[in-house]
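Working notes, beginning with the structure itself.
The values are calculated or read from the model by the stated rules, or taken from the named source; none is laboratory data. Only a predicted model underlies this, so the values are computations on that prediction, with no experimental measurement involved. Glycine also receives a Cβ, built like all others from the backbone with ideal geometry; neighbour counts cover every protein chain displayed.
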């Protein structure tokens, strides 16, 4: 059996475990049994472990961290999301975000399987400490911001139920607005810190490859726009009391901008990053 086959099998089994986790979390939403959250968390941990193994095998094959076409980008993004959810849940007990994280991970894994594994261009550029640091921190930051978006969506759903004085399906099953708001804020702080670190390491890497820290590449511009959106959110929260609904809406807007930066720029505009993800 080749290393490529081993990696494929690991990704396949990880996807099955993630799918099982998603099913259990959805079951929790309906039946509200605490053990369902524990089972769902266990399955997503097991999936992430095998997923990490698949990434390690692919790294051995390529000789560098694999994130240079759409398929590899999706694999890395999915692992970053599952891993970030696991860490944040262990530290801050954010189990409810499994309802958002597990389906999103499954979607990304399926999309990765459906994407062509095209060879990267300019392979000589695709190595080095600063590049690996940039990839790891950027994807970790984006994963945490995805979780913040999930908490924001759940906040708006719960707020609507409370305002309409309906003690219906979601009201009984979602946590309090205060917990959802604090969960979103924790995720934004984590994501913004990692995103900032990722942008700094990206600038250093750009200097080593293209001879300049900033070249007005479309990805650089939109990365800066994304950073400014989240900086505005944190500034508004700290100085103007943005909490609750305003903060939830901004996390969703910020994540929409982030998605365009991650995928839309490469597919629609191009630039230095285009050969690595198209």
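Just one of (1) closer than 25 Å to residue 188 by Cβ; (2) crowded, with 20+ Cβ neighbours inside 10 Å fails for residue 133. It is (2). Could you please let me know if residue 68 is in a loop (DSSP other than H, G, I, E, B) and outside the structural domain of residue 189 (by TED's automatic domain parsing)? So residue 68 passes the test.
Exactly one residue among 201, 261, 193 is at pLDDT 95 or above, within 22 Å of the chain's Cα centre (by Cα), within 25 Å of residue 128 (Cβ to Cβ) and assigned to a helix (DSSP H, G or I), and that residue is 193. Screening residue 29 with (1) at pLDDT 90 or above; (2) within 16 Å of residue 106 (Cβ to Cβ) gives one miss only, at (1). Here the condition is being assigned by TED's automatic domain parsing to the domain that holds residue 136 and in contact with a helix residue (DSSP H, G or I) (Cβ under 8 Å, 6 or more places away or on another chain); of 193, 239, it holds for 193 alone. Within the range 191-245, the residues that satisfy the criterion of being farther than 22 Å from residue 263 by Cα and buried (at least 18 other Cβ atoms within 10 Å of the Cβ) are 233, 237, 242.
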